[in-house]
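The values are calculated or read from the model by the stated rules, or taken from the named source; none is laboratory data. Note that the structure is predicted; figures quoted are calculated from it, not measured. Note that each Cβ is placed from the backbone with ideal geometry, even for glycine, and that neighbours are counted across all protein chains shown.
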Amino acid sequence: MSIFDKIKEKLSHEFIDIVEWLDYTDDTIAHRFERYQNEIKNGAKLIVREGQAAVFVNEGQLADVFTPGTYDLTTQNLPILTTLKGWKYGFNSPFKAEVYFVNTHLFTDEKWGTKNPITLSDDRFGLVEIRAFGTYAFKVADPGKFIIDIVGTDNNFTNFEINEHLKSLIATRFTDTVGEANLPIELYAANTSELSETCQEVMQPEFLSVGISLEKFYIENVSMPEELKKEIFEYSRLDKLDLDKLTKFKTAKAIEAAAANEGGTAGAGMGMGMGFVLAQQMGGMMSPQMGGQQAMPQQQAAVMPPPIPVAVQYYYAANGAQAGPVPFDQLRSLFASRTINKDTLVWKAGMDGWKALSQVEELKGFLGGNTPPPLP
């Protein structure tokens, strides 16, 4: 081999005539085309495939950006690089420039979550803690900005490297968003779709500032401590139920259960009551057959059970309107929860008019101080 053949072979290895990137991975976002000190040949072909963008960088400064297609690298196709290198009349010799291929397809099913609980202030439960997690999807919207601001000189940049930054950004903005929403604590879990859309709108500008577009953002779950969840359930039930109806319903269920328990004391009592009623009915049927003898009034009095006492019902004034009636125990619960107080007007059957709660004899026990004086 002559010396000229060696020079040609050496030149053929130093000059690059095809610039392309075949991506065989799903997690690479940016890849630097390796030149190994070789120069790109004048008129070389640049091949940019679908889902890619090619970014030319000259001495750390952003030059030209190419979208999918095939290009001949000439002065006309490299206007910014031509200006940076000062090729006023075109270039006929090879040139050096860093070429980064950027993956512009959608990166989906990326995970995010709050590392620490978020502390919120609720009007009913005070300071509470919640956690949240979900998924998001993103893609590179501005390849040039992304290369300059994020990738730098990294020759193979993956989504794992950017995910840590994005997850920290999401957690911070999510905390700010739920804090400003000021929703009742139980509504965060019930309104994840609306909250997801709001968070995406809040986070989008910060993603775009580094050349990334936040395409989807989902909150899959908002969790809270189990004891707080139980309190919320109990509060929700009490808020929806009529306590008077609830008391009557539970009383009826208790009587039904006692009647069904024939082997217990309550069942025995029910059986004895039914026996007395049957004996009385049979006594009435046999009296005409026995010559019209009448039973003694004392015996009738002994057999007949006393009437069932009727629970006293109270009306009370709330916000200038009449409320009730409610039984004694419920009225005491209303006083304990500060729904009513000692000056609240109350009325029951037999009273000649409305009176303050503190003036009704049987209700004075709500106020405390009903301990008897010491013995003389």
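For TYR71, work out the one condition from (1) closer than 30 Å to ALA171 by Cα; (2) buried (at least 16 other Cβ atoms within 10 Å of the Cβ) it doesn't fulfil.
Result: TYR71 fails condition (1) only.
Taking the range 328-346, which residues are assigned to a loop (DSSP other than H, G, I, E, B), within 38 Å of the chain's Cα centre (by Cα) and closer than 12 Å to TYR315 by Cα?
Going through the range 328-346, the residues assigned to a loop (DSSP other than H, G, I, E, B) turn out to be 337-344.
Narrowing the set further to residues that are within 38 Å of the chain's Cα centre (by Cα) leaves 337-341.
Passing the criteria: only ILE340.
Within the range 322-332, identify whether any single residue is modelled with pLDDT of 85 or more and more than 20 Å from LYS248 (Cα to Cα), and answer yes or no.
Yes, the range 322-332 contains a residue that is modelled with pLDDT of 85 or more and more than 20 Å from LYS248 (Cα to Cα).
When you look at PRO305, is it under 19 Å from THR251 (Cα atoms), modelled with pLDDT under 85 and loosely packed, with under 13 Cβ neighbours inside 10 Å, yes or no?
So PRO305 fails the test.
State the number of residues belonging to the range 199-211 that are surrounded by 18 or more Cβ atoms within 10 Å (Cβ to Cβ) and β-branched (Val, Ile, Thr).
The number of residues fulfilling the criteria is 1.
I'm checking my understanding of the structure. Among residues of the range 115-139 that are among the basic types (Lys, Arg) and under 20 Å from ALA190 (Cβ atoms), which one is nearest to the chain's Cα centre (by Cα)?
ARG131
ASN155: in contact (Cβ under 8 Å) with a residue 12 or more places away in the chain, of a type in the set (S, T, N, Q) and surrounded by fewer than 18 Cβ atoms within 10 Å (Cβ to Cβ), yes or no? Break it down into steps so the answer makes sense when it comes.
Values: in contact (Cβ under 8 Å) with a residue 12 or more places away in the chain: yes; of a type in the set (S, T, N, Q): yes; surrounded by fewer than 18 Cβ atoms within 10 Å (Cβ to Cβ): yes.
When the stated conditions are applied, ASN155 passes them.
Mind checking which residues of the range 60-106 are at pLDDT 90 or above, within 17 Å of PHE146 (Cα to Cα) and charged (D, E, K, R)?
ASP64
Could you tell me which residue of the range 158-198 is surrounded by the most Cβ atoms within 10 Å (Cβ to Cβ), considering only residues that are charged (D, E, K, R) and closer than 21 Å to GLY126 by Cα?
Taking the candidates together, the pick is GLU186.
Tell me, which residue of the range 195-223 that is part of a strand (DSSP E or B) and either aliphatic (A, V, I, L, M) or in contact with a Pro (Cβ under 9 Å, 6 or more places away or on another chain) (or both) is nearest to THR135 (Cα to Cα)?
ILE219
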